[in-house]
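Worksheet for the structure shown next.
Since every read-out is calculated from the coordinates, none of them should be taken as a lab result. These numbers were taken from a predicted model, which means no experiment stands behind them. Virtual Cβ from ideal backbone geometry, glycine too; neighbours counted across all protein chains shown.
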Amino acid sequence: MTKDRTQRYLSVSLEDGRLFRQLVEATGAKRVVEVGTSTGYSGLWFALGLRSTGGKLITHELDPGRAQTAQSNFKKAGVDDLVTVIVGDAHETVKQHKDPIDILFLDADKEGYIDYLQKLLPLVRPGGLILAHNMKSPRPDPRYIEAITTDPNLDTSFVLMEGSGVGLTLKKR
């Protein structure tokens, strides 16, 4: 495997993962929705936090092979009972969500972030978080950046910008 391919499948850095676990625990999140499972690395971090809050992760993945690898990784880590993997085009599969979301994590097709935000923001509870990966590299969609920085109901910070960058958005009400 080439270095680029290895990095692509890892998805998030150790620092990003620790932040995700800490945010789950700090907010007492019970329901985390992830768009872009890949091989499950970021989901493992969420699940570690959810183990202590009694919550669940619902994660969406387009590629059946990656989804299968992720499910295997969740099982090996002993968190498979906390995770539901949904395989298919997340632009469609996210429409099935009806319950409030405590944390929404976007890490799929970068040009799709705006669509995922529009579909799922109404479900993010007041005080809930929207986390978006790759806010520095690869370059984020300007429409998404505009949406999360100009809406008066959203309060956004950009963190861990020395790496790929994470958008951390609080939904106020």
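Would you check which residues across region 83-115 are touching a helix residue (DSSP H, G or I) at 6+ places or on another chain (Cβ under 6 Å), in a helix (DSSP H, G or I) and surrounded by 20 or more Cβ atoms within 10 Å (Cβ to Cβ) and list them?
94, 113 - these are the residues of region 83-115 that are touching a helix residue (DSSP H, G or I) at 6+ places or on another chain (Cβ under 6 Å), in a helix (DSSP H, G or I) and surrounded by 20 or more Cβ atoms within 10 Å (Cβ to Cβ).
Could you tell me whether residue 137 is in contact with a strand residue (DSSP E or B) (Cβ under 8 Å, 6 or more places away or on another chain) and either more than 27 Å from residue 14 (Cα to Cα) or not aliphatic (A, V, I, L, M) (or both)?
Here the answer is no, as residue 137 does not meet what is asked.
Which condition breaks for residue 66 when tested against (1) in contact with a Ser or Thr (Cβ under 7 Å, 6 or more places away or on another chain); (2) part of a helix (DSSP H, G or I); (3) within 28 Å of residue 146 (Cα to Cα)?
Checking residue 66 against (1) in contact with a Ser or Thr (Cβ under 7 Å, 6 or more places away or on another chain); (2) part of a helix (DSSP H, G or I); (3) within 28 Å of residue 146 (Cα to Cα), the one that fails is (3).
Kindly check whether there is at least one residue in region 93-109 that is of a type outside the set (Val, Ile, Thr), touching a Pro at 6+ places or on another chain (Cβ under 8 Å) and in contact (Cβ under 8 Å) with a residue 12 or more places away in the chain.
No, region 93-109 contains no residue that is of a type outside the set (Val, Ile, Thr), touching a Pro at 6+ places or on another chain (Cβ under 8 Å) and in contact (Cβ under 8 Å) with a residue 12 or more places away in the chain.
Residue by residue, here is whether (1) surrounded by fewer than 17 Cβ atoms within 10 Å (Cβ to Cβ); (2) without any contact (Cβ under 8 Å) to a residue 24 or more places away in the chain; (3) among the charged types (D, E, K, R) holds:
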site: 130; (1), (2), (3): no, no, no
site: 138; (1), (2), (3): yes, no, no
site: 146; (1), (2), (3): yes, yes, yes
site: 154; (1), (2), (3): no, no, no
site: 161; (1), (2), (3): yes, no, no
site: 164; (1), (2), (3): no, no, no
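Given the criteria within 28 Å of residue 126 (Cβ to Cβ) and not in a loop (DSSP other than H, G, I, E, B), does residue 52 qualify?
yes
Output the number of residues of region 41-65 satisfying the condition of being touching a residue at least 40 places away in the same chain (Cβ under 8 Å) and not aromatic (Phe, Trp, Tyr).
5
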